[in-house]
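All remarks here apply to the structure that follows.
The values are calculated or read from the model by the stated rules, or taken from the named source; none is laboratory data. Since the model is a prediction, treat every value here as computed from it, not as a measurement. Positions of Cβ are generated from backbone atoms using ideal geometry, with glycine treated the same way; all protein chains shown enter the neighbour counts.
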Amino acid sequence: MLDPVCGVQVSEDDAAICLSFLDRRYCFCSLQCEEEFVEHPERYVLRDQDQWSGIEGVA
Ligand SMILES: [Zn+2]
């Protein structure tokens, strides 16, 4: 899968950290990328998911 923050290809095995967000699995190449995602998930989730469009104030 792709690290949504920096776009690098990562797998669950070699990712620095993985987490589940809105029922989807995200993996990150580094803790810095994971921190960035956690701070601004709307920046990265919006790209491939339209659930956010139904949430008031986010889209
Ligand atoms: Zn990354």
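The set of residues from the stretch 1-33 being touching a strand residue (DSSP E or B) at 6+ places or on another chain (Cβ under 9 Å), within 8 Å of the ligand (Cβ to nearest atom) and in a helix (DSSP H, G or I) comprises just one member, 33. Within 11 Å of the ligand (Cβ to nearest atom), surrounded by 15 or more Cβ atoms within 10 Å (Cβ to Cβ) and either at pLDDT below 95 or not small (Gly, Ala, Ser) (or both): is that true of residue 41 in this structure? So residue 41 fails the test.
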